Each structure stands twice: as structure tokens, then as C-alpha cells.
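Every number here is computed from the coordinates shown, using simple stated rules; none is lab data. Since the model is a prediction, treat every value here as computed from it, not as a measurement. Cβ coordinates were reconstructed from backbone atoms using ideal geometry, including for glycine residues, and neighbour counts include every protein chain displayed.
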Amino acid sequence: MSAVAPSVDKISGPTKKSEKILGMTDTLFYRIVSVFALFAIWEIAGRIPISVAFPTFSSTMGALWDMILDGRMFNAYAETLKPLAVGVSISAVFGVAIGVGMGLNRLMQWFWEPIFVVLQASPVAALIPLITYAYGIGLTAKTVAVIMLAAPIIVLNSYKAVRNANPSLIQMCQSFQGTRFQVIWQVIIPSAAPVIFAGLRLGVAAGFIGVILAELLITPTGVGDLISYHRSVAEYQYMYAAVFTVILFSAIMVGLLEVAEVKYFRPEKKKGH
Amino acid sequence: MSTAAVAQMPDQNASTEDNIVEVRNITKYYGEDIHALDSINLGFPTGQMTTLLGPSGCGKTTLLKIIAGLLETTEGEVLIHGKPVFGPGPERAFVFQDFALLPWATVIENVGFGLELTNKGTKPEREEKAKHYINEVGLGGFEYKYPHELSGGMRQRVGLARALAVNAEVLLMDEPFSAVDEQTRRKFQEDLLYLLANEKKSVIFVTHSIEEAVYVSDQIVLLSPRPGRIHSIIRPEISRDSTPDEIRRDKRYLDTVEEIWTNLRKYLD
Amino acid sequence: MKIFGYDIPPVFSLLIWISLWEIAGQLQLAFILPPFSAVVVELFELVQRPDFQSAAYQTFESFVIGMTIAIIAGVALGFLMGSNRIANSVLGMWVNIMASAPLSSLVPVLMLLFGLGQLTIIVTVILFSTWIIALDTYAGVHHISPSLREMGRSFGASRFQLLTRVLFWAALPEILAGIRMGLIRAVKGIVIGQLLVSVVALGRLFRTFSDNFQFEEFWALTIALFIFALLFSSAIGWLEHKVEYYAATRN
């Protein structure tokens, strides 16, 4: 165990302060190291190679560069993001409305909660192949896939957010003769905003999963097509590059939304990280 | 002014023969800028109840946790029976402010937890011992209840029984009654004194309640804040033979409370 | 919701949704949506079919193997993240990325690397569920009150005892919640994996049904999976409920 000995260099007690390495915080340093380590392992595994279908990191990055230069990557993302934006917007408008309604009204909750809980818990992705029969393989089908995956999360988060609004704040507002309308707009909605926004963030991530899945399963367009096309012609480095951008894109998107969430809705969380 | 003996020199009682615990020159920094304790020298007499009392920020809990071996010092050492110790040891047992009971274990399992960790005795022996101390603290019949089925006061009795069961010579109590309501607290203080009279334990007790400190202590160490230093040491010298109600009306008791309050109020912002 | 003074539990609102489905099916509003009653009849026939049973068994096997590995890996990762600041920051970054990434895009890669068989399905299950288990385990470890650790130490617990006798149990409610979430994700993963691989187990059935416009069978299969997922998660939910009382006693 710990030695209880007089020594001056032990001043930094149990409160672990971050140290600086190469002018950055040590956690950032180790994160960057871990990224490079992963790429190095990827490169080595590709050079062995562990499988004919496993290109090296460098050739994957080369393929990525090719696709960025000839505009294929840009076009693919434009194609993929359209249904995502439309689907998430629709889910956000209706999802937040239904969720908030459920939080405020017992009948709404009675009617909507079970169906959304079932949708949230069940593998609705199984239904994606069916969408083709109803909506063809165009933008609509992809948008429906996005809504199917994004809406339940947004609804349930909005509902929980309103449900968990601090009761003593509500009573405070009531005791100062706030009307029901004032209670909702000045207390319940503002205090629910952070969780509602967190739900939107999760909805965007889920919607992205939905659109990629739709592109892989039913409509060979966008980024999903980059993946399946290059797989079918065995240009694996291009396929891996496309998968790589999908993961990277989702990480950046979710990261930015998290930053926005902390900045605008949870300033108290800033220091905790 | 006071009927209580006040030792003005803090070092006066340090390093005498019959101190079971001594701290020497304890200095504690949190990080580089928070100076919690500054050169504390203190002796804790065998078989007596010593209270660390002071306003918040005076480092009383820090000092207790250093003695317990739960925190490292920046400088200085802790001696038990004159020998320096490192980390927690079997001669000390801790009673926690928030009870620190295992919520998934019954009362008897909680009380026996310390024995079990160090493999003292067979299982029936441990249970026998746990039962004995459950009865001692007045929880007979609650052996197979879970913590969430007990009131705050009863939970702390479990915490006390657990500390007694490992048969440590020194009990370290960190504001043990602060999460307990006032009525329960008074009853608990009385029971604690009664129990300790039979158990021959040395107790180091942290509290922020002046009344509590004067009521239970043989020796009160007043700490001043930022950084924590010994302000003075007071021995209330109240006869323990009287009934609790008599003590609470005793002139010496009331004067000591008043005197400590006069000393401490200047640290309030 | 009260009707004539009787409380109607929310689950009953599902009956309204089912009736709507039945009506839409009877009116033949969409050819992909057969009436609910026909689907239920088909469900009973489906579960007796040997091809369903062997496919379901294969899928279930992949699921159990994958989940077991995911639970062990996820809990270990969570405890590692809770053990120190650097591990938390590095592993936390990767676990968070993986937990919200569209992992379905990785399934084609897995198909390449692990073939079109059961192994790909198992890896998919692991990939879908490990991260959320790790995140929840970490949340559990992170919220353990410091005094519980101090208690263990002050009564002489070794590092191993502290982990197995105190920390694991203290984090158990969150670990179980994580496993439940992981299960739900794993079922989703298995569905996605099998839709994409679609040459083994239930995936092949899905493909056959949808290619041949056998929508009653398709819906019956989907509902069978829904029921499986719900049964599994309510089993874990029941376990969670058993340990819930002590989760509530912590602050």
C-alpha cells in the first residue's frame, strides 16, 4: 500500500491532475497514440496479409484519396445525406411533438408509449426489405427507413425529458400563479430541452444506420453502393475506404452534436470532462 | 472563565507513553494549491474518545482518513503503538458518514464482512461474532434484513457493529451521526457511550456539532481552517456518572459548548 | 387511462394498433400487409416447420455464443475504463465511436473476412452489443460511492477482493441494464447480419419469403423475432428488478 513517508515530490496527492506531453494534455496524447497504433496494426495486418480481402491501411487511404479527387465520394454522400436530412427532420418535428404530448397528456401516453417501446426494442430493420415493395427504391424508401429507426428514439427521449421535469420547479411556477401554458413553456420545455436534444442526437445516429442499411439492402445508391459495388468487383481497398468514411463520418457527426449539446444545453457538464 | 482544562500548547500531549495513535508533522496538499493540513502533531490517548472538531474546510475528515490509511500524507507519519503504519490495518476500524453498507447483503453479512475479508475464524464463528455485535448495538432480530429495510439510525448501528466485530483497538468515526435525524442522534450518542464504556476502545471521532463533541468526548481537538491547524485542545472533564439529561444541563457542559463556539465563530465568513 | 372507473393498462393500447392492422389487412390496403389474424395463424404453422426450427436453432446458437463473448468483453472493458484516467479517455473514445457507428456498414467487411456462415453472424452479435455493455458497466463503476471503496480497503480487502466482493456487485444494476441493451442490439444485429448474409439460418428464410412474396410468412417470422427479443429482454429486466432495490439506495 501507500507509503506514508515525508517527501516533497509527492505533492500531487490523490487528485490526479493531467500532465502535459508534447504540449498537449496526456489524455489527448494517448488518444492520438491509440489512433496511430490502430492504423499501424491495420497496415501490418494488410501486409501479411491476414486475408486476400484485407487491404493495407495505405492502399485504403490511396483509394479514399482517389474517390475524393474524382468526386465519387462527394456524390455518394450527397445521395446518402438527402434522405437522412429529410427523414431526421420529419422524425424530429413529429417525434418531439408526440413525445412532449405524451409527457403532458395521460391519454397520449397511454396510446403511444407501448407502440414506441415495442418499435424501439424490436429489430425493425427486418422490415426494411418490405419498404421496397411499398415505396420502390427511390428517395422515399430510404427516407422511410430513416424514420423507422430514428423516430422511436426521438419520441421516447422527448417523453422521458418532459416526464422528468423537476416537480418542485413546476410547483414553484404554479405557486407564483403561472398558468398551465406558462408552466409548459417557461419551465417544462426549457428543463426538458437537454434530454430532447440528446434524443435528437441519438436519432441522427440511428437514422444514419437506417440509411446505410437501406442502401446496402434495397437501393444501390450513395455510400452503401460504394461498399457493395466495390465488394462485387473485388476492389477491396475502395470498399474499405467507403466503410472507413462511414465510421469516421458518424464519429464526427455525433461528436459535433455532443459538443453542441454541452455548449448550449448543459454548460454545467463542461468541467466534468 | 472556563471550567474545562485547556491545553494551550498543542504539542504538550504528543509523544507521551500511553497514546495509542500519534500523528507527527502531518501536512497534506491536494494537488499543488489546496493546502488541507499543516504540520499536525497530535496524540490520541488509549481508551479515550478524542474528537476532531472544526468548521468545514479545516481538514478534520482528511486527518481521520490519513490516520485510517485511506489517504496518503504529503509529509509526516502516523504511528500506532509507536510504530509507523502504511495504509489500512487490522488495529483500526472505520465507521462511515454514509454508512457504506453493502446494499445487496443482509445485516449479518454486512457485520461479518470485515471478518470475512481477512478470513478470521470459520463461517459459524464469524456468524456467532456478528450476531453478538448485532445484539450489542441493539439490532437483535434484524439479522436477515437488508439495509434498505432499515432506518438511517439502524443502518449506522450496522456500520458500528461491523467496526466492532473486527475487534480493532481504535475506532475511527467520520461524522457518524450526521445523516441521522436529531432524536435518533441523541439516543445513538447515549448508546455509543454506554457501549464504549464496556468495550475499552480508543475512539477518534469527527463531527461538526459542538454539542455532540462536548457530550461524547474526553478530549476535543479544535481545528482552524485553510490550512487545517490545531487551534487548541480542550478536555471537557464532565462526569460520566450522571444521566444524559443531567449532563446536558450541567454547567460545565454548557460553558464548554459556549467557549468552543466563541473560538470557532471567528472562522465563519 | 380510465374507462368506467377501471384502469386500462397502457399495454392495451397495443390492441388498438393491432385492430388497425387487422382492418388495414382485411381491406387489403397494401399487399405487403396481410391481416394480423392471418399472420398469427401462420406464426403457429411456422414454428412447427422443421426448416424454421433448424434455422432458429442455428440463429439462437450464434446469438448465445456471441452474447457470452460480448458480456465478458464488455464488462472487462467497462471495468478497465473505470480503473484509470488514461484508460478511460482512450478506451472511452473508441467505445463511444463504436457504440454509435453504423455498424451495419461493417457487416459486408465481416462477410469478406469470415465467410458467409455462422462465424460472421457471431462476430456481428459481438460487434453490436459489446460497446453498450462496456458503456453501462463503466457508468456503474463510475457511480460507486467512494466510501464503499474506502470501506473495503479499511477492512483489509485485497485488490481482487475489492473487485469481486464490492465493485462488481455495486455495479451490477448498471451491468444488467447494459446487458439488456446489448441483447436488444444483438437481436437487431443478428437481423441485419442475416438480412445481409441471407444464406444461413433465419436470414435465408427471410430472403425466401420476401423474394416469393410470402408476406404472411415474412410477418410471422418478424413477429417471432420480436417476441424472442422481448422475452429475452424482459428476462433480464426481471433480474434487474431483483437488484433494483439496492440501485435505489445509492446516491
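Let a ≥ b ≥ c be the square roots of the eigenvalues of the Cα gyration tensor of chain A; is it rounded (a/c under 1.5), or, if not, prolate (a/b larger than b/c) or oblate? The shape class here is oblate. Using only side-chain charges placed at the Cβ, +1 for Lys and Arg and -1 for Asp and Glu, the dipole size of the protein assembly as shown relative to its Cα centre rounds to 760 debye.
Beta bridges from DSSP with both residues in chain B: antiparallel share about 55 percent, rounded to the nearest 5. Between residue B:135 and residue A:21, the modelled label-to-label distance comes to 5.9 nm, taking each label 7 Å out from Cα in the direction of the beta carbon. Could you work out the percent of alpha carbon pairs in chain B separated by over 24 Å, rounded to a whole number? Summing the P(r) tail past 24 Å for chain B gives 49 percent.
With viscosity 1.002 mPa s and temperature 20 °C, the Kirkwood radius over alpha carbon pairs of the stretch B:95-221 converts through Stokes-Einstein to a diffusion coefficient of 145 µm²/s. Across the stretch A:61-269, Cα pairs under 8 Å and at least six residues apart give a relative contact order of 27 percent. Think of the protein assembly as shown as a dipole: +1 on every Lys or Arg Cβ, -1 on every Asp or Glu Cβ, centred on the Cα centre; then among A:74, A:189, A:89, A:74 lies furthest on the positive end.
On full extension, the segment bounded by residue C:116 and residue C:17 gains 31.9 nm, given 0.36 nm per residue less the C-alpha separation. Compare A:146, A:211, A:259 in a GNM of chain A, Cα atoms joined below 10 Å, and give the one with the largest fluctuation. Of A:146, A:211, A:259, the Gaussian network model singles out A:259 as fluctuating most. Summary value for chain B: 28 percent relative contact order, contacts being C-alpha pairs under 8 angstrom separated by 6+ residues.
Exceeding 30 Å between C-alpha atoms, which entries from my cross-link table qualify? They are B:60/B:120; B:65/B:187; B:60/C:242; B:120/B:200. Over 30 Å apart, Cα to Cα: B:60/B:120; B:60/C:242.
Within chain C, which complete DSSP H helices have Cα atoms spanning at least 30 Å along the helix axis and a mean Kyte-Doolittle hydropathy of 0.0 or higher? The partial results should precede the final answer.
Details: long enough: C:50-83 (49 Å, 1.05); C:118-142 (36 Å, 1.46); C:168-197 (40 Å, 1.40); C:215-248 (47 Å, 0.98).
Once both thresholds are applied, what remains is C:50-83, C:118-142, C:168-197, C:215-248.
Remark: the Cα gyration tensor places chain C in the oblate category, a/c being 1.5 or greater and a/b not exceeding b/c. Neighbouring Cβ atoms from other chains, within 10 Å of the Cβ of residues in C:161-169, number 2 on average. The distance between label points at residue C:49 and residue A:163 comes to 3.8 nm (points 7 Å beyond Cα on the Cα→Cβ vector). Screening chain A for whole DSSP H helices of 27 Å or more along their axis (Cα) with average Kyte-Doolittle hydropathy at least 0.5 returns A:26-47, A:72-104, A:139-163, A:189-217, A:236-264.
Start at zero, step by 20 Å, and the Cα-Cα distances of the protein assembly as shown spread as 13, 37, 30, 16, 3, 0 percent across the bins. Counting only DSSP beta bridges whose two residues both lie in the protein assembly as shown, roughly 60 percent are antiparallel.
Between residue B:33 and residue A:36, the FRET efficiency from the beta-carbon distance, with R0 = 25 Å, is close to 0.10.
Look at the alpha carbon pairs under 8 Å that are at least 6 residues apart: their mean separation over the length of chain C gives a relative contact order of 24 percent.
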